[in-house]
Amino acid sequence: MRDIVILTGAGVSAESGLGTFRDVDGLWTKYDLEDVATPEGFARDPALVQDFYNARRANCLGAAPNAAHFALARLEEAHSGRVLIVTQNIDDLHERAGSSAVWHMHGELLRALCGVCAHRWDAPAEMAPGDTCPSCGAAATRPDVVWFGEMPYGMDAIYARLVEADLFVSIGTSGTVYPAAGFVEVATGAGALTLELNLEASAPVFDEVREGKATEVVPAWVEEVLAGV
Ligand code: OAD
């Protein structure tokens, strides 16, 4: 299994105290995603949207990586082949655990984006609707996150890596949001083996599924890979 591509979702950060979206008590049971995770919602009420991401940024900064994040960093360091993490998560816990090949397809909470000139910079802890872009001066700043109706980042590069992968692993994602939900079919079609590690299996499309908490199943799987099992 030389070339491994890993897709992660909210489940990998759940045991770090960051909520998932669709589980009981998930974020989408408390907020309407149309209000806080669409360009239309931002246009209607930018203060509400900035406050939503300010709160999530504070949670992220107060959280720490867990054993699953650390195990994936160890895999990248110790595996003889390539390891790429494509994450739907906007937290930085993979990076803080030590992973360096991490692609944030849904953007990053800790970055800001100008809606006028597309300049990007490190987000302050709190963002507000009147904030101006340090490059062009427009008062159109937003979190650098991908909302529903927008194109996720880096799709061409992600597909290029998926078709080269020997193994595709999906960790802690419900597989309900496209295009990420379709990655398993792309990898299968290109000849990769596929594995799901999740609290509960999502869809019956993986070659193998291991159910359990990320902090347990991920380290166990990483040790197997590194032992050449
Ligand atoms: P979801 O909330 O849809 O799914 C979370 C998944 O994590 C479920 O499959 C759970 O079974 C699993 N899970 C929960 N706790 C776990 C644990 N301790 N260990 C392992 N697995 C666990 O979150 P995502 O699939 O990440 O997008 O959601 C995908 C996208 O939908 C997000 O990136 C976000 C959201 O709307 C945008 O906002 C654009």
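Only residues that are more than 9 Å from the ligand (Cβ to nearest atom) and polar (S, T, N, Q) were counted in the range 183-229, giving 2. Out of all the residues in the range 62-86, which are under 16 Å from the mean Cα position of the chain (by Cα) and either of a type in the set (A, V, I, L, M, F, W, C) or in a strand (DSSP E or B) (or both)? Matches in the range 62-86: Ala63, Ala64, Ala68, Phe70, Leu72, Ala73, Val83, Leu84, Ile85, Val86.
Consider the range 115-161 and keep the residues that are away from the ligand (no atom under 16 Å from the Cβ) and among the aromatic types (Phe, Trp, Tyr). The one that is nearest to the chain's Cα centre (by Cα) is Tyr159.
Of the strands (runs of 3 or more DSSP E) lying entirely inside the range 145-229, the ones with 2 or more residues being surrounded by fewer than 17 Cβ atoms within 10 Å (Cβ to Cβ) are found at 208-211.
Being of a type in the set (Ser, Thr, Tyr) and without any contact (Cβ under 8 Å) to a residue 40 or more places away in the chain is true for just one of Ser80, Ser100. Which residue is that? Just one listed residue meets the conditions, Ser100.
Since every read-out is calculated from the coordinates, none of them should be taken as a lab result. Small disclaimer: the values here were computed from a predicted structure and weren't measured. Note: ideal-geometry Cβ built from the backbone for every residue, glycine included; neighbour counts use all protein chains shown.
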